[in-house]
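The values are calculated or read from the model by the stated rules, or taken from the named source; none is laboratory data. Every value quoted in this text rests on a predicted model; they were computed, and no experiment measured them. Glycine also receives a Cβ, built like all others from the backbone with ideal geometry; neighbour counts cover every protein chain displayed. Keep in mind that these areas ignore ligands, DNA and RNA; they rest on the heavy atoms of the full protein, side chains included. Shrake-Rupley method; radii C 1.70, N 1.55, O 1.52, S 1.80 Å.
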Amino acid sequence: MKRIIAPLMLVLASAPLVVPTVPAAAQQDQSDLSRVNAYIRAVTTMTADFSQTDRNGQTLTGKLTLKQPGKIRFQYQKGVPLLIVGDGKALTVIDYEVRQVQRWPIGNSPLGALIDPSKDLSKFGKVIPTDDPSILSVQARDPKRPEFGTITMIFKRDAASPAGLQLYGWVALDSQNNRTAVRLTNQRYGVPVDNNAFRWTDPRPRGRSAGG
């Protein structure tokens, strides 16, 4: 299981992202990046099912819960003792099997692009051309910190979804070229989400209820 979750954890822990401007088709790229920004600002809440697949084809599933600004929860399937929670300030990875807690500022993570409406994607993302005009692919990485790898967010153009986009998932590559793909299904927008969804129980000795 550790080999499956490690690449996603590396992506969560990345440093702030800066990507050079790509001159080719710059005007269209900026339009698409603006559309992604509009999507992020339009999504106040979202729930979805997710499947996470590593390079060996091993898959974990779970439920994603998002609430702007800055709150996100990855609840893995039964039997996987891992929880990832963003409480608006930091991303926390809780491993209940080894009673370990790791925490990073949301601003130091590529996922900040999805859960911080104040961010300007044009400053740290670039559009990746695809063969399918209905797919919009945006890559984010920190060229000064290649050890943190790359995240590529994938959207489907969908007029019925916020800002005309549906978040399909993302692909992460770590510095060893280990690939982890996350795919979303059953996306629901604007659903009631209680702030208690972003609380967690500290598994460490003398643990306490955390996240608030």
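At-a-glance table
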read-out	value
Residue that is charged (D, E, K, R) and out of contact with any helix residue (DSSP H, G or I) (no Cβ under 9 Å at 6 or more places or on another chain), where the choices are K71, K67, K63	K63
Count - residues of segment 84-98 that are more than 14 Å from R204 (Cα to Cα) and part of a strand (DSSP E or B)	6
Selection count, segment 70-83, where residues are assigned to a strand (DSSP E or B) and either hydrophobic (A, V, I, L, M, F, W, C) or under 14 Å from the mean Cα position of the chain (by Cα) (or both)	7
First in segment 154-181 and on the phi > 0 side of the Ramachandran plot, second anywhere and crowded, with 18+ Cβ neighbours inside 10 Å and part of a loop (DSSP other than H, G, I, E, B), Cβ under 9 Å, 6 or more apart	A163/V43; N177/G149
All positions within segment 41-59 that are of a type outside the set (G, A, S) and in contact with a helix residue (DSSP H, G or I) (Cβ under 6 Å, 6 or more places away or on another chain)	V43, D54, Q58
Flag if R35 is modelled with pLDDT of 90 or more, part of a helix (DSSP H, G or I), buried (at least 16 other Cβ atoms within 10 Å of the Cβ) and not polar (S, T, N, Q)	yes
Members of segment 57-85 found to be among the basic types (K, R) and surrounded by 16 or more Cβ atoms within 10 Å (Cβ to Cβ), listed by number	K67, K71, R73
Residues satisfying the stated conditions in segment 72-131, i.e. modelled with pLDDT of 90 or more and either of a type in the set (F, W, Y) or touching an Asp or Glu at 6+ places or on another chain (Cβ under 7 Å) (or both)	F74, Y76, P81, L82, Y96, V101, V127
Pairs, first acidic (D, E) in segment 59-87, second open to solvent by less than 10 Å² (accessible area, probe 1.4 Å), C-beta under 6 Å, six or more apart	D87/F198
All positions within segment 63-108 that are hydroxyl-bearing (S, T, Y) and closer than 21 Å to I151 by Cα	T65, Y76, T92
